[in-house]
Structure formats: C-alpha cells, structure tokens
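The values are calculated or read from the model by the stated rules, or taken from the named source; none is laboratory data. Please read these numbers as outputs of a predicted model, since none were measured by experiment. Every residue, glycine among them, receives a Cβ derived from its backbone with ideal geometry; neighbour counts consider all protein chains shown.
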2 protein chains.
Amino acid sequence: MELHEAREKFIQAWGAFGSQWGINRSMAQVHALLLISTEPLSTEDVMEQLNISRGNANMNLRALIDWHLVDRVLKTGERREFFQAEKDVWTIATHITRERKKRELEPMVKLLGEFKETSGHSAEVKAFKKMAGDLHDLTGRIDAVLERSTRSDVQWFLKAASSLLR
Amino acid sequence: MELHEAREKFIQAWGAFGSQWGINRSMAQVHALLLISTEPLSTEDVMEQLNISRGNANMNLRALIDWHLVDRVLKTGERREFFQAEKDVWTIATHITRERKKRELEPMVKLLGEFKETSGHSAEVKAFKKMAGDLHDLTGRIDAVLERSTRSDVQWFLKAASSLLR
DNA sequence: ATCATTTTTCATTTATTACTGAAACTTTCT
DNA sequence: AGAAAGTTTCAGTAATAAATGAAAAATGAT
C-alpha cells in the first residue's frame, strides 16, 4: 500500500471509529492527521489536508487541546500557532480514558447512587432499587479499575515494562 | 425521591448516557425501561410508556435482542410477544462489551495490522508505520483484555466471587 | 495608536441520524 | 379459506448534530 493511500484510509477509519464512540468525525480526523504528521501543522494545513472550514478546524483543535491530546507549538519567527499531537499511545489512551471517565462515567455513578433513597416498599420499588444498586456497584467498579489503570504511577510502570519487552 | 420520578430520571439518564457512547437514545431508553420492569412488556407497553412509535419500538426491541440484552417471552394464552431484559449486570456488561468488541474493535485492529505493509522508507513512512504499529499493539492488547474478562469462565468466577462477598 | 495578521465566535446552513406511520406481511384462529 | 391480531418494513419526515463562513475579537509588529 502506498503512503498516500494508507494515510487517507487511516484518517477515514479513525474518523468513523470515533463517531461510533460518540466523538465527532472531524475531531477524530484532525487527531488522526496530527498523529501521523511528523511536523506540527498550522490551522491552514489542517483545513487544506482535510478539506474542512476554518471554524471547524479551530473548534476541533481547541477541543483536542482540552482533552490533552494536542499541544500548541510556537515556531520561532512565525506568528501563527502550530499544533502537534501527543504521540505516545499509552498517554493518549490515558487521557481519553480519564476525560470520558470524568465527563460521563462519574456523573452516572453519582446519579445511580441517588436512587438508593427512592421511597416506598412495594415490589416495584424493591426491583427498581435492586437494579439501580447493581448498576451502581458495576459502574463504581469500572470507575475504580479505570482510575487505577490510568494513574500516572501505573502508567510509568506499564511504559517501562513495555519498553523492556520490545 | 418518588418511584415515578426516579424511573423517569433513570430512563432519561440511560438514554443520554447511551447516546454519548454511540448507542441511540431510544434503544437505550427501551433497554432502561425493560431493566426496571418487573414483568415482561409488550410492544404496546413500550410505545405507551416511552411515547414512541410502533416502528421505533419494534426496531429497537429487535436490536436489543440481537445484542442479547433482551429476550422474547411468550405468555400462555396470549398471542402477542412480550419482552424482558436480562437483569444480571455482569451478563449485560459482558454482552455489550463482546458485541462492540466484535463490531468495532476487531475491524480496527485488523485495519491497523494492514498498515504494516505500507511501502517506502522515507521518514514519513517510518513515522506512519510507527504510529500504526503502536496503535495496533494497543488496540490488540485492549482486545485481549476484553476477551479474557468477558469469557464465560471468568464471568462464572466473578459472579461466584461477588455472591460470596454479599 | 494603527494596522495587518491570526484566532475565535456564532447565526445560518448542511449533513446525518433517528422516528413515524401506513402498508405489507405473517401468524393463528374459526 | 378468510378474518383478526400482531409484526415488520421502509419511504418520507423530523430532530439533532456538525460545518460553514463571515464578522468580531485578539494579537503583536511598527
């Protein structure tokens, strides 16, 4: 496969993959593009290479910075900003995991916890509380596992271990 | 909190949660409704309780059956079909995980593997292959972890362990 | 302080995804 | 076989999410 074709496929696939997981296509594509670019890119580079508008490029670059997946870079003697992606896949995975955990999983755990106080003693109420409680336990456990596996000390260990296995 | 309010909140939250993760709102809501219903429901019950159309109810019930999250149930002396959700949260988590792994993760692992054969020796090509290879390793590892943690023997063990801890 | 360049915002447009509802189909009963 | 009850399909419509592009704001050089 030629580089050009491979890059194109990669960007498209990463975009589609993202949108299946609730991340918008452009954001994922911008990320993909930066991942496989050796040099930092300007907003215009991103616009051109992905055929997207300035507004779109800007919004998604900022979103990626929020997620700690992309950094702003200043080149000496250049006025405009450049962008480069974090390239270490463990770090990428960690940042994505922590961000989604914080934004989505934690609020769900909290809400499920609140259902403990549902009033009544009917069979209906008991069944409801059982389900809410079980889900609370499950999401709480998942939360704990993710917390542990994304802690920077664990990350450090895993990185070290994986470099030994190379 | 009153049961009625709690149920409503739960259904809405589960729907919103689902849509953040690429599962459509109605499907998640139908699932939520069945999860907290003590008796199996008919298509009409679902339509009424969620204010959705027959077509929508039918499509999403079938999708949930595909995902092994819901079973068809026949009541003696009743002609129409009833639906009930799998209630064990470990089993639910397993089925969701396996289904998404199969539909989305595995194809991505496969695609990333194909990039190994990208031709050329320039720095650009090397950088591309490095990234694709790293992502291939990472997604492959995630795939393996999920495979292990959703195998029925592990499930059996975890269920047994968690019932001992009750 | 001015002006040229770059970045950000946001009302409007466009694209995508999901839902509706009526018709077609299937099943089961008499 | 015909009718009644129930299920599925799918073309058309609606709702939602994302992108555009032009204007406003910010930046920084002179």
Flagged in region A:99-133 as assigned to a helix (DSSP H, G or I), more than 24 Å from the chain's Cα centre (by Cα) and of a type in the set (V, I, T), in numbering order, are A:V125
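For region A:36-59, which residues satisfy the criterion of being within 12 Å of chain B (Cβ to nearest Cβ) and either in contact with a Lys or Arg (Cβ under 7 Å, 6 or more places away or on another chain) or farther than 17 Å from B:L112 by Cα (or both)? Working first, answer last.
Filtering region A:36-59 for residues within 12 Å of chain B (Cβ to nearest Cβ) gives A:36-39.
Across region A:36-59, the qualifying residues are A:I36, A:T38, A:E39.
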Any chance region A:60-80 includes a residue that's away from DNA strand D (no atom under 12 Å from the Cβ), among the small types (G, A, S) and either closer than 27 Å to B:L105 by Cα or over 14 Å from the mean Cα position of the chain (by Cα) (or both)? no
With the checklist (1) of a type outside the set (V, I, T); (2) over 30 Å from B:L138 (Cβ atoms); (3) more than 10 Å from chain B (Cβ to nearest Cβ) in hand, flag the one item A:E124 doesn't pass. (3)
Among (1) surrounded by fewer than 17 Cβ atoms within 10 Å (Cβ to Cβ); (2) of a type outside the set (S, T, N, Q); (3) within 14 Å of DNA strand C (Cβ to nearest atom); (4) assigned to a helix (DSSP H, G or I), there is one condition B:H31 misses while meeting the rest; what is its number? (1)
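Restricting attention to region B:141-152, report how many residues are within 11 Å of another protein chain (Cβ to nearest Cβ) and either over 14 Å from A:I92 (Cβ atoms) or touching a Cys at 6+ places or on another chain (Cβ under 7 Å) (or both).
Residues in region B:141-152 being within 11 Å of another protein chain (Cβ to nearest Cβ) and either over 14 Å from A:I92 (Cβ atoms) or touching a Cys at 6+ places or on another chain (Cβ under 7 Å) (or both): 2 in total.
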Consider A:I96 against the criteria (1) outside any helix (DSSP H, G or I); (2) within 14 Å of chain B (Cβ to nearest Cβ); (3) among the β-branched types (V, I, T): it satisfies all of them except one. Which criterion is unmet? (1)
Can we say A:L74 is more than 10 Å from chain B (Cβ to nearest Cβ), out of contact with any helix residue (DSSP H, G or I) (no Cβ under 7 Å at 6 or more places or on another chain) and under 27 Å from A:S152 (Cβ atoms)? yes
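Yes or no: B:R103 more than 11 Å from DNA strand D (Cβ to nearest atom), modelled with pLDDT under 95 and surrounded by fewer than 17 Cβ atoms within 10 Å (Cβ to Cβ)?
In short, yes.
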Residues that are free of Cβ contacts under 8 Å to residues at least 12 places away in the same chain, in a helix (DSSP H, G or I) and within 8 Å of DNA strand C (Cβ to nearest atom), drawn from region A:50-91: A:R54, A:G55, A:M59, A:R62
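Kindly evaluate A:S149 against the criterion of being surrounded by 14 or more Cβ atoms within 10 Å (Cβ to Cβ) and out of contact with any helix residue (DSSP H, G or I) (no Cβ under 7 Å at 6 or more places or on another chain). Please lay out each step first, then the result.
Details: surrounded by 14 or more Cβ atoms within 10 Å (Cβ to Cβ): yes; out of contact with any helix residue (DSSP H, G or I) (no Cβ under 7 Å at 6 or more places or on another chain): yes.
The answer is yes for A:S149.
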